[in-house]
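Below is one structure, written out as structure tokens; comments come after it.
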Amino acid sequence: MDVIRILAIDAVTVVIAFTMMWAICASIRDVTMVDAWWALGMMVLAIATFAQMEVATDRRWLLTVICAIWAIRLGGYLFWRWRDHGPDRRYVRMMEKAQDKRGWGYARASFWLVFATQAPLQFIVALPVMLGQIQAEPVALGTLAYVGAALAVFGIIFESIGDWQLTVFRKNPANAGQVLSTGLWRYTRHPNYFGDACVWWGLFLIGAETPLGWLALPGPVLLTWTLMKWSGAPTLEFRMRKTKPGYADYIARTSGFVPWPPKRA
């Protein structure tokens, strides 16, 4: 019953937070800010779970702190990108299509197509930092937890470098219309997505030493599938093929996810 109560409180936290975000975004008619909340909301769930625990074990601290570092870094970056670049074109097209073809108002379209979809996804992806904290046994961190922590830290560093390289590249006017194929982007077309996956597989491993932690497996699986097959790489690459002539060649020689030396022409 404790497990159900803890997860129920976390679920209510998700619903309240996303409802508030929806009200704000509907009022400004721009849902781009939800991307930043995707990361920051994970931290809120980790902290909400931590606050319900009676004892602050090393595992609970480790899960919460790593998740918070990842969320603040990524959420802050996505918030800055929104303020710097303006509304995300994907969301703009989605809202326009819903309003034109379905006759929905902005509030209705944003609720059903964005917030009602992302709320349950966030809850599932965040399972490692919730289920991994609930049972205190074993108290001591084992080899799996240390491997997971190293993988998560590596992922944070990897995606941070990738985002920094992309930001520098885009800020240079000479690179307009060009494809970034240097640095980490020489070895994978999506270093940010690969880093994200490493973080959440690492967090899963930290919690997997506990009996309940293994049940969080759907979290990293869903995140990886989403990044590789659904709303991540496919959506981005579809647009890039249309807007950047050299992107098809970049795809032909560069790994789509796991970093790997590029193929020869």
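The values are calculated or read from the model by the stated rules, or taken from the named source; none is laboratory data. Bear in mind the structure is a predicted one, so any value in this text is a computation, not a measurement. Glycine also receives a Cβ, built like all others from the backbone with ideal geometry; neighbour counts cover every protein chain displayed.
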Check your understanding: Going through region 167-184 one residue at a time, which ones are touching a residue at least 24 places away in the same chain (Cβ under 8 Å) and either within 22 Å of residue 223 (Cα to Cα) or of a type in the set (Gly, Ala, Ser) (or both)?
Key -> 177, 181, 184
Review point. Within region 44-68, which residues are over 19 Å from residue 152 (Cβ atoms) and either part of a helix (DSSP H, G or I) or acidic (Asp, Glu) (or both)?
Key: 48, 51, 52, 54
Revision key, fill the gap. Out of (1) within 19 Å of residue 68 (Cα to Cα); (2) within 20 Å of the chain's Cα centre (by Cα), the one residue 115 does not meet is (1)
**Study point:** Subset of region 156-187 [hydroxyl-bearing (Ser, Thr, Tyr) and farther than 21 Å from residue 245 by Cβ]
**Key:** 160, 167, 187
Exercise for review: Would you mention how many residues in region 214-248 are free of Cβ contacts under 8 Å to residues at least 12 places away in the same chain and more than 16 Å from residue 90 (Cα to Cα)?
Suggested key: 5
Practice item. Go through region 93-108 residue by residue and tally those that are more than 22 Å from residue 193 (Cβ to Cβ) and assigned to a helix (DSSP H, G or I). Key: 10
Check your understanding: Is it the case that region 81-89 has a residue that's touching a residue at least 60 places away in the same chain (Cβ under 8 Å), in contact with a helix residue (DSSP H, G or I) (Cβ under 7 Å, 6 or more places away or on another chain) and buried (at least 17 other Cβ atoms within 10 Å of the Cβ)?
Key -> no
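Conditions (1) over 25 Å from the mean Cα position of the chain (by Cα); (2) polar (S, T, N, Q), marked per residue:
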{"position": "223", "(1), (2)": "no, no"}
{"position": "227", "(1), (2)": "no, no"}
{"position": "233", "(1), (2)": "no, no"}
{"position": "237", "(1), (2)": "no, no"}
{"position": "240", "(1), (2)": "no, no"}
{"position": "246", "(1), (2)": "yes, no"}
{"position": "254", "(1), (2)": "no, yes"}
{"position": "259", "(1), (2)": "no, no"}
{"position": "263", "(1), (2)": "yes, no"}
Point to revise | So residue 150, is it of a type outside the set (Val, Ile, Thr), touching a Ser or Thr at 6+ places or on another chain (Cβ under 7 Å) and touching a residue at least 12 places away in the same chain (Cβ under 8 Å) | key: no
Exercise for review: Check 113, 40, 131 and return the single one that is under 22 Å from residue 159 (Cα atoms) and out of contact with any strand residue (DSSP E or B) (no Cβ under 6 Å at 6 or more places or on another chain).
Suggested key: 40
Exercise for review: Out of the residues in region 141-177 that are within 23 Å of the chain's Cα centre (by Cα) and polar (S, T, N, Q), state the one that is surrounded by the fewest Cβ atoms within 10 Å (Cβ to Cβ).
Suggested key: 167
Check your understanding: Can you tell me which residues in region 24-43 are of a type outside the set (Phe, Trp, Tyr), in a helix (DSSP H, G or I) and either under 14 Å from the mean Cα position of the chain (by Cα) or exposed (fewer than 13 other Cβ atoms within 10 Å of the Cβ) (or both)?
Key -> 27, 28, 34, 35, 36, 39, 40, 41, 42, 43
Practice item. Answer yes or no: is there a residue in region 181-191 that is within 13 Å of the chain's Cα centre (by Cα), aromatic (Phe, Trp, Tyr) and either crowded, with 20+ Cβ neighbours inside 10 Å or modelled with pLDDT of 95 or more (or both). Key: no
Point to revise | Positions within region 249-265 being touching a residue at least 60 places away in the same chain (Cβ under 8 Å) and of a type in the set (A, V, I, L, M, F, W, C), in sequence order | key: 251, 257, 258, 260
Revision key, fill the gap. Exactly one of 120, 138, 128 is within 29 Å of residue 8 (Cα to Cα), loosely packed, with under 15 Cβ neighbours inside 10 Å and at pLDDT 95 or above, and that residue is 120
Review point. Do you know which residues across region 66-122 are aromatic (Phe, Trp, Tyr) and farther than 30 Å from residue 147 by Cα?
Key: 79, 80, 82, 91, 104, 106, 111, 112, 115
